[in-house]
2 protein chains.
Amino acid sequence: MKATAIAPSNIAFIKFWGKTNDKLNLPQNSSISVNLSNLHSTTTVEFDPKFKKDVVIIDGSMQQKETLRTTKHLNVIRKLANIKTFAKVVSKNNFPKGSGLASSASGFAALTLAAAKAANLKLSEKELTTIARLGSGSASRSIPDGFVKWEKGSNHQTSYAHSLHSANFWKINILAIIISTSHKKISSTEGHSAAKSSPFFKIRIAKIEDKIRNLETVIRYKDFKKFGQIIEKEALELHAIALTSNPPIIYLLPESIKIMLLCQKLRETDTDVYFTFDAGPQPVLFCLQKDSQKIERAIKNEVRKARIIKSTPADGAKIITNHLF
Amino acid sequence: MKATAIAPSNIAFIKFWGKTNDKLNLPQNSSISVNLSNLHSTTTVEFDPKFKKDVVIIDGSMQQKETLRTTKHLNVIRKLANIKTFAKVVSKNNFPKGSGLASSASGFAALTLAAAKAANLKLSEKELTTIARLGSGSASRSIPDGFVKWEKGSNHQTSYAHSLHSANFWKINILAIIISTSHKKISSTEGHSAAKSSPFFKIRIAKIEDKIRNLETVIRYKDFKKFGQIIEKEALELHAIALTSNPPIIYLLPESIKIMLLCQKLRETDTDVYFTFDAGPQPVLFCLQKDSQKIERAIKNEVRKARIIKSTPADGAKIITNHLF
């Protein structure tokens, strides 16, 4: 039983920050994201009695921490499928892992789909999103297509993700800018735990439903300027929460600020470009197709070493037939 | 009637951010600062019937906006002294104006003291701090000596500054780092107005009295580590409020982040150094005398163009006899 899945990374417009349940990865708030066409993980899973233990190879190497997390996730699948067979898992990302570009989102989405298929489970998309969530919260958002909402829910069944709009609903351009390939110092897991220590966290949560409703409306009407204003504010709020956590977390690097200021400057010349940041230093910019080249040149000019990965909204996780082993 | 005063700039440990009364510059919260020995303004004021209007020369040039603000401040003094004479005001700063290093604090403290003396007013230190406040809120803190608290008060008389400790109470080193000499885009006045638009501002104000009490204690016991942790948190909170104001205000520059991260790195090597920032990009670092040289070298290494102005705690505004004209 071998299966392979490919899953996109996603970038959140409204962030997942803080959990109500660490074991189930239940979030403090619902979140909204879009899948990225050119940032993805491909994962092949084979359950076979020939394996004496789970073997996990990510981007060509075995790492203890990742293996433990993967085995834990395979256990969920094994329990559902009522099997005890060990598995071999080979996964590759087409972008640097652990640098704040949500590799765990695409990774656990692909793992979930491939493992479920390899274990011959028949699961609905909704069920798949809840299982992906157990591996990494934001992985739930990499399962459905296009623009996705993860409903916070209140238990395992009700905390699931679903598509708001298809990938081709709005052909905005998304520029993920890799300014640093070094592994971030504070993991998202640590950041989620720290969130509650910010004196501002409760207020964020109290006000977030209004923000979500506003964003859903501006996406529905494709109001790019308002969309941009909301996502920038939300990203700055995430970092304001991190900066005021105890102890403070500074995710931003000098180049992150450079790109923020560049966006402001470009807007002064009537180029609509807006930034977001996850819990990491990498800026992700949103622009319209017509401005994309000009913006890419400006970025390269500002941060010479930046690597830009250009995406459009993408479908969610899917099974493919080319196995990795 | 001619008089000259010199007044230090001050850097706040607990910031003044947001006003309850724009006309009187009544602050939303009390604040605590220290005067800086090597950042100062010197101002000569002469009231004389020979002047047909107020003439204001700051750092060698006349600027309309500054002239208006100075004339308004001279009117306060004239009213108290019951005179109608115009004045010549010549002022110079030993550091770049409007770049977030509180030149308005030292400027209005020096102006207040020189003008009061030139107008032959006999005022207490407390009264001088309230008058300085009318020109620029933080100027009130540049009148008393050393470590200063500005009590927020509730009206003109009760919103005054006073010394908590003399300048030589604690000989910490203060490194003001000028990373940008360009005039900041968003004035402090605009920032103060925007503060209320942050969803987090009310919480900040609700919790600030506890922070002030803590800081007063750690200063009293000269607990440098705890002192550093409090001032860094407070600076990050100020910027969290700015980042979440509507529209967001990004005061930090790439080099600001560089210096923040440098402080974190130096602390990993047991070098106690802590940062603060006012509403601007310039970092102000606190360290102990013994580490000062090492830290200065590290700063120069990190940001080549940085200009470092090294201070120790200083006395407040005082009258001097060397006039500028």
Handout entry: Scope region A:239-255; condition at the interface with chain B (Cβ under 7 Å from one of its Cβ atoms) and under 19 Å from the mean Cα position of the chain (by Cα); matching residues
Key = A:His239, A:Leu252
Handout entry: Test result for B:Leu113, at pLDDT 95 or above, surrounded by 17 or more Cβ atoms within 10 Å (Cβ to Cβ) and under 17 Å from the mean Cα position of the chain (by Cα)
Key = yes
Practice task
Return a yes/no flag: does region B:148-162 have any residue that is at pLDDT 95 or above and closer than 22 Å to B:Thr42 by Cβ.
Solution key: yes
Handout entry: Filter pass, B:Glu46 being under 30 Å from B:Pro281 (Cβ atoms) and acidic (Asp, Glu)
Key = no
Fill in the blank from the handout: Flagged pairs (Cβ under 6 angstrom, 6 or more apart or on separate chains; first in region B:303-325, within 15 Å of B:Ser9 (Cα to Cα); second assigned to a strand (DSSP E or B) and open to solvent by 60 Å² or more (accessible area, probe 1.4 Å)) are B:Ile309/B:Asn38; B:Ser311/B:Asn38
Exercise for the section: Those residues that are hydrophobic (A, V, I, L, M, F, W, C), closer than 13 Å to A:Leu253 by Cβ and in contact with a Leu (Cβ under 9 Å, 6 or more places away or on another chain), I need them from region A:280-309; list them, please. Expected result: A:Val303
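Is it the case that some residue within region A:48-56 is modelled with pLDDT under 95, of a type in the set (Val, Ile, Thr) and either surrounded by 18 or more Cβ atoms within 10 Å (Cβ to Cβ) or farther than 30 Å from A:Glu237 by Cβ (or both)?
The answer is no, given that none of the residues of region A:48-56 is modelled with pLDDT under 95, of a type in the set (Val, Ile, Thr) and either surrounded by 18 or more Cβ atoms within 10 Å (Cβ to Cβ) or farther than 30 Å from A:Glu237 by Cβ (or both).
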Completion exercise
Scanning region A:157-169 for residues that are open to solvent by less than 20 Å² (accessible area, probe 1.4 Å) and not in a helix (DSSP H, G or I), the one nearest to A:Phe224 (Cα to Cα) turns out to be A:Ala161
Exercise for the section: Identify all residues within region B:210-219 that are open to solvent by 20 Å² or more (accessible area, probe 1.4 Å), touching a residue at least 12 places away in the same chain (Cβ under 8 Å) and more than 11 Å from chain A (Cβ to nearest Cβ); write none if there are none. Expected result: B:Asn214, B:Glu216
Practice task
For region A:283-307, enumerate the residues that are in a strand (DSSP E or B) and either among the aromatic types (Phe, Trp, Tyr) or at pLDDT below 95 (or both).
Solution key: A:Phe286, A:Arg307
Handout entry: Hits in region B:239-279 - residues which are within 19 Å of B:Lys15 (Cα to Cα), in a helix (DSSP H, G or I) and open to solvent by less than 10 Å² (accessible area, probe 1.4 Å)
Key = B:His239, B:Ala240, B:Ile241, B:Ala242, B:Ser256, B:Met260
Practice task
Scan region A:268-290 residue by residue and report those that are free of Cβ contacts under 8 Å to residues at least 60 places away in the same chain and either among the acidic types (Asp, Glu) or over 26 Å from A:Leu243 (Cα atoms) (or both).
Solution key: A:Glu268, A:Thr269, A:Asp270, A:Thr271, A:Asp272, A:Lys290
Practice task
Assess whether A:Lys226 counts as being part of a loop (DSSP other than H, G, I, E, B), more than 10 Å from chain B (Cβ to nearest Cβ) and farther than 16 Å from A:Ser31 by Cβ.
Solution key: no
Practice task
Filter region B:81-102 for residues that are open to solvent by 20 Å² or more (accessible area, probe 1.4 Å) and modelled with pLDDT of 75 or more and give the result.
Solution key: B:Ala81, B:Asn82, B:Ile83, B:Lys84, B:Thr85, B:Phe86, B:Lys88, B:Val90, B:Lys92, B:Asn93, B:Asn94
Handout entry: Qualifying position, being of a type in the set (Lys, Arg), at pLDDT below 95 and on the phi < 0 side of the Ramachandran plot, among A:Lys207, A:Lys184, A:Lys202, A:Lys226
Key = A:Lys184
Handout entry: Selection status of B:Leu236, closer than 23 Å to B:Ser188 by Cα, assigned to a helix (DSSP H, G or I), within 12 Å of another protein chain (Cβ to nearest Cβ) and free of Cβ contacts under 8 Å to residues at least 12 places away in the same chain
Key = yes
Practice task
Identify the residue in region A:170-202 that is open to solvent by less than 40 Å² (accessible area, probe 1.4 Å) and assigned to a helix (DSSP H, G or I) and, among all such residues, is nearest to the other protein chains (Cβ to nearest Cβ).
Solution key: A:Phe201
Problem - Selected residue (only one of B:Lys318, B:Lys310, B:Lys233, B:Lys300 is over 20 Å from the mean Cα position of the chain (by Cα) and open to solvent by 20 Å² or more (accessible area, probe 1.4 Å)) - result: B:Lys300
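The values are calculated or read from the model by the stated rules, or taken from the named source; none is laboratory data. Please read all numbers here as calculations on a predicted model, not as lab measurements. Every residue, glycine as well, gets a Cβ built from its backbone with ideal geometry; the counts of neighbours run over all protein chains shown. To get the accessible areas, we keep the full protein, side chains included, count just its heavy atoms, and leave off ligands, DNA and RNA. Shrake-Rupley method; radii C 1.70, N 1.55, O 1.52, S 1.80 Å.
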